[in-house]
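Written below as structure tokens is the structure these notes are about.
The values are calculated or read from the model by the stated rules, or taken from the named source; none is laboratory data. It should be emphasised that the depicted structure is a prediction, and the values quoted were computed from it without experimental measurement. So basically every Cβ, Gly included, is an ideal-geometry build from the backbone, and we count neighbours across all protein chains shown. Calculation scope for accessible area: heavy atoms of the full protein, side chains included, ligands and nucleic acids excluded. Shrake-Rupley method; radii C 1.70, N 1.55, O 1.52, S 1.80 Å.
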Amino acid sequence: MKLPFAASAIALVTSSAFAQEAARTLPDAVGQVAPALDAYAADALFGAEWSDESLAPRDRALITFAALMTRHETGALADHIALALDAGVTPAEISETITHLAFYTGWGNATAAAEAAAPVFAERGIAAADLPGADPELLPLDEEAEAAREETVKGNYGAVSMGVVDNTRELLFRDLWLRPDLAPRDRSLITVAALIAAGQPEQMTFHLNRAMDNGLTREEAGAMLSHLAFYAGWPKVFSALPVAKAVFEDRAG
């Protein structure tokens with residue numbers, strides 16, 4: 001593996017300059033074993049995709065971490081946590097991303113991500129006392145939107161599992177989504193990235209709409225899909241494209 005990143009943040013550098021930092025996440029073994037893959041990575045992934053200013057380096061680092069966590073790619077997590085921190089993602093945002101995605105990708109993935117983050121945090125002097133606690137003052141709830149969401153879910157699935165309906169209401173939408181140390185846009189961003197990486201496009205319509213309501217632009221959403229093709233694979237992104245197309249067209253109409 002190539003050398004770890006310096007601890008100093010480089011969030012203000014250009015996308016093309018930051019792409020050079022992203023390239024350091026690629027193990028030396030790739031060039032030793034698959035020279036063609038190494039060339040694709042240098043030219044297409046880091047030379048073009050990471051350099052594209054349609055999506056900020058910080059957002060690229062955050063969705064890459066979300067995708068790798070979702071896919072349980074534990075060997076790559078530490079380097080990408082360091083990359084995200086260097087891109088300007090705060091330790092609190094990393095902590096909240098892990099907590100948030102426990103509910104969307106499973107507890108095991110979140111546990112593995114915490115284990116990967118712990119030595120990176122220790123190396124940078126980030127302690128538990130510096131991170132969000134269990135009971136922060138929550139953001140305001142959009143009562144009307146939540147009532148509509150609850151009515152739909154309860155109407156569709158209340159007779160199947162009220163436990164799921166109740167936990168979704170109380171744990172996710174009246175608690176998790178209102179925690180203040182990860183902005184609503186970023187919660188939506190990592191949720192959509194996780195759904196794409198997990199190959200669950202049927203869940204995307206609600207969350208992509210929510211992401212765009214929370215400030216994600218159509219250009220940024222398209223750039224996210226292009227970026228995730230490299231980290232989740234082309235088939236998963238092509239499964240997500242029809243959903244994104246329908247959301248874009250519905251919002252434009």
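Could you check region 59-110 and list, in sequence order, the residues that are over 11 Å from the mean Cα position of the chain (by Cα) and among the basic types (Lys, Arg)? Listed by number, the list holds a single entry, Arg71.
Residues that are open to solvent by 20 Å² or more (accessible area, probe 1.4 Å), assigned to a helix (DSSP H, G or I) and out of contact with any Gly (no Cβ under 9 Å at 6 or more places or on another chain) were ranked within region 179-201; the one that is nearest to Ala61 (Cα to Cα) is Ala198. Filtered by the rule that a residue be loosely packed, with under 15 Cβ neighbours inside 10 Å and either of a type in the set (Lys, Arg) or touching an Asp or Glu at 6+ places or on another chain (Cβ under 9 Å) (or both), region 125-151 gives Pro136, Leu138, Ala145. Within region 159-178, being assigned to a helix (DSSP H, G or I), surrounded by fewer than 20 Cβ atoms within 10 Å (Cβ to Cβ) and not acidic (Asp, Glu) holds for Met162, Gly163, Val164, Val165, Asn167, Thr168, Arg169, Leu171, Leu172, Phe173, Leu176, Leu178.
Listed here are the residues, each with its yes/no results for (1) out of contact with any strand residue (DSSP E or B) (no Cβ under 8 Å at 6 or more places or on another chain); (2) crowded, with 19+ Cβ neighbours inside 10 Å; (3) under 24 Å from Asp142 (Cβ atoms).
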| residue | (1), (2), (3) |
| --- | --- |
| Asn214 | yes, no, yes |
| Ala223 | yes, yes, no |
| Ser226 | yes, no, no |
| Leu241 | yes, no, no |
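Note on region 206-221: residues that are under 24 Å from His72 (Cα atoms) and more than 14 Å from the chain's Cα centre (by Cα) amount to 0.
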